[in-house]
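The values are calculated or read from the model by the stated rules, or taken from the named source; none is laboratory data. As the structure is a prediction and not an experimental result, all values here were calculated from the model. For accessibility, only protein heavy atoms count, side chains too; no ligands or nucleic acids. Shrake-Rupley method; radii C 1.70, N 1.55, O 1.52, S 1.80 Å.
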Amino acid sequence: MTTTDLHALTGAYAVHALDAEERAAFEIHLAVCDACRQEVAEFAATAGRLALASTVRARPAMREEVLRRVTTVRQVPPGAAPPERVRRGAQRRRGLARWALAAGVAAAAAFGGTAVWQYERAQDASHEAAQEQRRVEDLAGVLAAPDAKSRSAKVAGGSGTLVVSASRDRAVFVASGMTAPPRGKVYQLWFADGGKMRSAGLMDPDRGSQAVLMRGAVDGASAIGITVEPAGGSKQPTSSPVALLGLPA
């Protein structure tokens with residue numbers, strides 16, 4: 001894939017439309033391309049705004065309209081014994097009124113529920129877009145930091161590179177060609193702190209090549225480890241590490 005091809009992937013990356021190999025290649029390119037980082041941030045923000053634009057609100061007058069229509073239905077005076085024809089007509093009208101009221105309330109609930117659901121979805125999309133933008137900026141910031149140092153090793157049938165920036169106190173793990181974990185399992189990253197392992201996030205089990213911004217600060221860790229854990233991860237390692245990488249000096 002050429003540099004020109006990579007420049008054209010900013011929109012697809014922002015809306016998660018790349019496959020695993022394309023995403024991994026683009027994230028490496030993103031670390032050295034200011035123009036692409038800016039475009040990704042703009043596309044992600046635009047996607048959030050478009051989601052908000054689809055919100056539909058119920059008409060404020062709907063409740064008043066339903067109540068007004070109910071008042072137009074003729075009622076039988078208390079104690080009166082109306083003729084059978086009038087009684088049947090009144091029963092029909094009451095039935096229609098109840099049906100109209102129920103339908104109106106149901107419609108209001110449906111439209112109101114749709115508006116709330118769409119608004120919540122739009123809020124979620126906007127929040128996710130902002131999170132993705134921050135993640136991309138942080139990941140690219142570590143990879144492109146002037147003091148970034150790296151160390152590589154063979155990992156699970158492929159290779160892995162640990163990139164650390166002391167000034168940012170963050171680390172990125174870049175995987176290439178790693179074998180997929182067993183079904184129902186996931187690779188979990190850990191910081192080694194004085195004999196203790198601190199979780200640093202999960203890798204995508206469906207992607208053998210990926211760049212992962214490790215969760216939390218490096219904070220004096222001496223190494224990182226990678227273990228195979230149940231889907232969702234573990235609080236502490238439950239298996240022997242498939243790889244241990246010392247932090248680059």
Taking the stretch 1-21 and the residues there that are open to solvent by 40 Å² or more (accessible area, probe 1.4 Å) and not in a helix (DSSP H, G or I), the one that is modelled with the highest pLDDT would be 8
Of those in the stretch 22-41 that are open to solvent by less than 40 Å² (accessible area, probe 1.4 Å), closer than 20 Å to residue 146 by Cα and of a type in the set (A, V, I, L, M), the residue nearest to the chain's Cα centre (by Cα) is 30
Sole miss for residue 201 among (1) in a loop (DSSP other than H, G, I, E, B); (2) on the phi > 0 side of the Ramachandran plot is condition (1)
Restricted to the stretch 183-206 and to residues being charged (D, E, K, R) and under 17 Å from the mean Cα position of the chain (by Cα), the residue farthest from residue 141 (Cα to Cα) is 206
Checked 249, 180 against criteria (of a type in the set (A, V, I, L, M), over 26 Å from the mean Cα position of the chain (by Cα) and open to solvent by 10 Å² or more (accessible area, probe 1.4 Å)); the one match is 249
